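K.L.:
Right, I'll just put the structure down here and ask away after.
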Amino acid sequence: MKVVILNQYYAPDVASSGHLLFELAEKISDLGADTSVVTCRPSYGPPESWEECPRKETRNGVKTLRMNVTRFSKDNIVGRLVNIISFMVPLTLFHVLPKQKGKVFLYTTNPPFLGFVGGFISILFKHKYVVLLHDSYPEIAVWLGKIKAGGIIDRFWQWCNKIMYRRANQIIVLSEAAKDLVVNNYGPDPDRVHVIPNWADPADLTPKLKEESNFAKKYDLVEPFTVLYSGNLGLYYEFDMILKGAQQLLGENFRLVITGAGGGKDKIAQQIKERGLTNTLLLPYTPQEEFNDALNCCDALIVTIAKGIDGISFPSKLYTCLSVGRPIIAFSTPHSELRPIIEQNNIGAWFEISDSDGFVAYVRSLMQNPSEAKESGKRARDLLETKYTIEKSGQAYFDVLELANSE
């Protein structure tokens, strides 16, 4: 089986989807697929995070081609569109259309209309492809107020989605809510829509004592009780209740650390200043080689997703948080699939969005009962090792790709 993975971001870029696909590519290659990746040079985070890497390389059986494309700021809509066009046009003309025979293509949603290439090519030629849905558009764009619900852009985008999903050989989503959205909105056969969760590598990300973390030492986090949010600071994550909680904890032996970048970072910085949060640090993305050390700088980790995002997106940072054996503090709506993962496995605490009081009470309980934090963290790590590994998810991906290849 020859598999081609297409995605705008790929390791060593800081985008989490790029690192997941890097691990997936190596896993399905290990399982026997002839695997190649077509992507871009690093461009996701701020320019200081862009690492130099070969344009072409073969590593652990995976052939990778990084295209030279524009790298304008993705926080500017015009620059982002130019980046996408400079990726998708040569991708289609030089790496998909002339090289289809005998291959199955895995289209991701980075950029969000990448799968349209597969849908429209399949009208003209025999083209085997699988769609991997990370974030669902135009739903996110409507939710953010970037486009009008029911407007011409929304309706055209949904029409293209119907072609993409209905003509796909198979579809992969991250949650049951995402499957419901795809089936109900776009009409593919439910039997062709497979729920496969994301994962983290338990060998790459490992627990260690906070006092052994260089990151904790550097920022004076060893002694105070520290809660960490690490990842995308995009507009569809909620931070207000966390900052309110930090304000209530001023004067106590507590630190809040937020690391990352995204469209919401300036607002967070403004709130930290206006609330006088001397117990809160806002830091840039952590370099990949320091990531494991940085995740271990804390006593608990935060995972949050905004109201209205269920089915549209799912926080893959959950799995990296599980890896370092810390309690998970999760915020979402009550019907989110995030809630049962936390509560049924007793790996931390779930709170409804805006529940800053519950957050503060839980932090104080962990501060008073360190053994409770330790046990919750151990269960979190055990959950990762038994359920959310590349071995389990990689095999599931391989099986779906084989289904597509056999059609």
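The values are calculated or read from the model by the stated rules, or taken from the named source; none is laboratory data. Computed from a predicted model, the values in this text were never measured in an experiment. Note that we place each Cβ from the backbone using ideal geometry, even for glycine, and neighbour counts take in every protein chain shown.
K.L.:
Return yes when G348 is closer than 24 Å to T206 by Cα and more than 19 Å from the chain's Cα centre (by Cα) and no when it is not.
P.N.:
When the stated conditions are applied, G348 passes them.
K.L.:
Before we move on, is E290 within 17 Å of A216 (Cα to Cα), out of contact with any Leu (no Cβ under 6 Å at 6 or more places or on another chain), assigned by TED's automatic domain parsing to the domain that holds A361 and not in a strand (DSSP E or B)? Can you show your working first?
P.N.:
Details: within 17 Å of A216 (Cα to Cα): yes; out of contact with any Leu (no Cβ under 6 Å at 6 or more places or on another chain): yes; assigned by TED's automatic domain parsing to the domain that holds A361: yes; not in a strand (DSSP E or B): yes.
Taking the combined requirement at face value, the residue satisfies it.
K.L.:
Using the structure shown, decide if K317 is at pLDDT 95 or above, within 29 Å of N346 (Cα to Cα) and of a type outside the set (A, V, I, L, M). Spell out the reasoning first.
P.N.:
Values: at pLDDT 95 or above: no; within 29 Å of N346 (Cα to Cα): yes; of a type outside the set (A, V, I, L, M): yes.
In short, no.
K.L.:
Quick check on my filter: what residues within segment 112-138 are modelled with pLDDT under 95 and over 16 Å from I171 (Cα atoms)?
P.N.:
If the condition is that a residue be modelled with pLDDT under 95 and over 16 Å from I171 (Cα atoms), then L124, F125, K126 are the ones that fit.
K.L.:
Checking the condition among the aliphatic types (A, V, I, L, M) and within 21 Å of K2 (Cβ to Cβ), which residue from I163, I121, I153 passes?
P.N.:
Every option except I121 fails the conditions.
K.L.:
If you don't mind, there's one more thing I want to ask. Could you grab me the full set of residues in segment 139-165 that are under 27 Å from W199 (Cα atoms) and either modelled with pLDDT of 95 or more or charged (D, E, K, R) (or both)?
P.N.:
E139, N161, M164, Y165
K.L.:
Given the conditions (1) assigned to a helix (DSSP H, G or I); (2) of a type outside the set (D, E); (3) under 21 Å from the mean Cα position of the chain (by Cα), and given that W157 satisfies all but one, which numbered condition is not satisfied?
P.N.:
Going through (1) assigned to a helix (DSSP H, G or I); (2) of a type outside the set (D, E); (3) under 21 Å from the mean Cα position of the chain (by Cα) one by one, W157 breaks only (3).
K.L.:
So, one more: If I go through segment 373-404 residue by residue, how many of them are closer than 24 Å to P190 by Cβ and in contact with a Lys or Arg (Cβ under 6 Å, 6 or more places away or on another chain)?
P.N.:
2
K.L.:
Quick one: how many residues across segment 286-330 are hydrophobic (A, V, I, L, M, F, W, C) and touching an Asp or Glu at 6+ places or on another chain (Cβ under 6 Å)?
P.N.:
Of the residues in segment 286-330, the ones hydrophobic (A, V, I, L, M, F, W, C) are 291, 294-295, 297-298, 300-303, 305-306, 309, 312, 314, 318, 321-322, 324, 328-330.
Then keep just the ones that are touching an Asp or Glu at 6+ places or on another chain (Cβ under 6 Å); that gives 306, 312.
Adding up the residues that qualify gives 2.
K.L.:
Evaluate the following for D299: is it under 27 Å from H19 (Cα atoms), out of contact with any strand residue (DSSP E or B) (no Cβ under 9 Å at 6 or more places or on another chain) and among the acidic types (D, E)?
P.N.:
Answer is no for this residue.
K.L.:
A further question on this structure: Determine the pairs where a residue that is closer than 8 Å to V173 by Cβ, located within segment 191-202, has a partner that is hydroxyl-bearing (S, T, Y) and assigned to a loop (DSSP other than H, G, I, E, B) with Cβ atoms under 9 Å apart, the partner being 6 or more residues away or on another chain.
P.N.:
V195/S175
K.L.:
What helices (runs of 4 or more DSSP H) lie completely within segment 332-390 and have 2 or more residues being modelled with pLDDT of 95 or more, assigned by TED's automatic domain parsing to the domain that holds N253 and farther than 29 Å from L20 by Cβ? Don't jump to the end; show me each part of the working.
P.N.:
Working: elements: 338-344, 356-368, 370-387.
Correct list: 356-368.
K.L.:
Write out, first by first residue and then by second, each pair whose Cβ atoms fall under 8 Å of each other, whose residues are 6+ apart or on separate chains, and whose first residue, in segment 207-232, is charged (D, E, K, R) while the second is crowded, with 22+ Cβ neighbours inside 10 Å and part of a strand (DSSP E or B).
P.N.:
Pairs that qualify, where the first residue is charged (D, E, K, R) and the partner is crowded, with 22+ Cβ neighbours inside 10 Å and part of a strand (DSSP E or B), are K210/T226.
K.L.:
List every residue pair whose Cβ atoms lie under 8 Å apart, where the two residues are 6 or more positions apart in sequence or sit on different chains, the first residue falls within segment 262-277 and is under 11 Å from L243 (Cβ atoms) and among the basic types (K, R), and the second residue, located anywhere, is at pLDDT 95 or above and surrounded by fewer than 11 Cβ atoms within 10 Å (Cβ to Cβ).
P.N.:
Matching pairs, first to second residue: none at all.
K.L.:
Return the residues of segment 338-382 that are under 28 Å from L181 (Cα atoms) and surrounded by fewer than 19 Cβ atoms within 10 Å (Cβ to Cβ); say none if nothing qualifies.
P.N.:
If the condition is that a residue be under 28 Å from L181 (Cα atoms) and surrounded by fewer than 19 Cβ atoms within 10 Å (Cβ to Cβ), then R339, P340, E343, Q344, N345, E352, I353, S354, D355 are the ones that fit.
K.L.:
In this structure, does T259 turn out to be of a type in the set (S, T, Y), in the same structural domain as R339 (by TED's automatic domain parsing), touching a Leu at 6+ places or on another chain (Cβ under 8 Å) and in contact (Cβ under 8 Å) with a residue 12 or more places away in the chain?
P.N.:
yes
Rundown of residues vs (1) of a type in the set (S, T, Y); (2) farther than 30 Å from N279 by Cα, yes/no style:
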position: D154; (1), (2): no, yes
position: Q158; (1), (2): no, yes
position: K162; (1), (2): no, yes
position: A177; (1), (2): no, yes
position: F225; (1), (2): no, no
position: Y236; (1), (2): yes, no
position: D240; (1), (2): no, no
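K.L.:
Might you check whether a residue that is surrounded by fewer than 21 Cβ atoms within 10 Å (Cβ to Cβ) and of a type in the set (D, E) occurs anywhere in segment 147-156?
P.N.:
Our first condition is that a residue be surrounded by fewer than 21 Cβ atoms within 10 Å (Cβ to Cβ); within segment 147-156, this holds for 147-156.
Okay, now just the ones that are also of a type in the set (D, E), so 154.
Within segment 147-156, one or more residues are surrounded by fewer than 21 Cβ atoms within 10 Å (Cβ to Cβ) and of a type in the set (D, E).
K.L.:
Hey, another quick one. Can we say L133 is in contact (Cβ under 8 Å) with a residue 24 or more places away in the chain, of a type in the set (A, V, I, L, M) and surrounded by fewer than 19 Cβ atoms within 10 Å (Cβ to Cβ)? Give the steps one after another, and end with the answer.
P.N.:
Numbers: in contact (Cβ under 8 Å) with a residue 24 or more places away in the chain: yes; of a type in the set (A, V, I, L, M): yes; surrounded by fewer than 19 Cβ atoms within 10 Å (Cβ to Cβ): no.
Criteria not met by L133.
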